[in-house]
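Student: Below is one structure. I have some questions about it.
Quick note: the coordinates plus some simple rules give every number you see, no bench work behind them. Please read all numbers here as calculations on a predicted model, not as lab measurements. Note: ideal-geometry Cβ built from the backbone for every residue, glycine included; neighbour counts use all protein chains shown.
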Amino acid sequence: MFFERTKEKIAKWFMMHAEGPRAKLWLVIISFTESSIFPIPPDPFLMAILLVKKDKWLRYSLLVAVSSVAGGLFGYAIGFLFFDLFGNPIVSFYNLEPQLISAQTLFNENAFWAIFTAAFTPVPYKIFTIAGGLFHINLIVFILASVLGRGIRFLIIGFLMNVFGERIGKIIVKYFNTATLVAVLVIVIYILFKIF
């Protein structure tokens, strides 16, 4: 019951601010902070804006992707330079210690695909941005994987909202986790196929 009420309040807030004069600023702030410290992804806010400004889907999708990657670089800097001061409290606050250990294992196996998967799916991207800096992942690999993962994710959402509008918005919200997990499985199968 509490979770449903919270979701409704967040949805109302998104719709109210999606039509406001500062919609673009809110989109940048949410996209940037979600990649390093904030728990709510920018997808619902992007969808709310695109219900109002459907014809600007490409501009807003790219804005979210760029802001999100910039936030990811901020998360990387937290992990690289300030993990004890900021990174560790963020990880502890969200109870992401096990995911931090998993991230290190995934980085050892293939840093690019680990970051790409986190950037593209509902996996907490922030843990991978902070862990990327903490474990000194190659910055070029980090940026490339983040740009591709975040870019593809938000461009798909923007394109679908442009073509199908509110109908697809409800489907994306309902099945986003399932769809992205299927995409991850396809990526894993592809990697295994290439290895063996």
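Student: Please compute the length gained on full extension between Ile152 and Phe38, using 0.36 nm multiplied by the number of residues separating them and subtracting their Cα-Cα distance.
Tutor: 38.9 nm is the gain from fully extending Ile152 to Phe38.
Student: Still on this structure, please answer the following. Rounded to a whole number, what is D in µm²/s for the stretch 87-135 from Stokes-Einstein with the Kirkwood radius over alpha-carbon pairs (25 °C, 0.890 mPa s)?
Tutor: It comes out at roughly 233 µm²/s.
Student: Please compute the modelled spin-label separation between Ile29 and Val52, points set 7 Å along Cα→Cβ, answer in nm with one decimal.
Tutor: 1.4 nm
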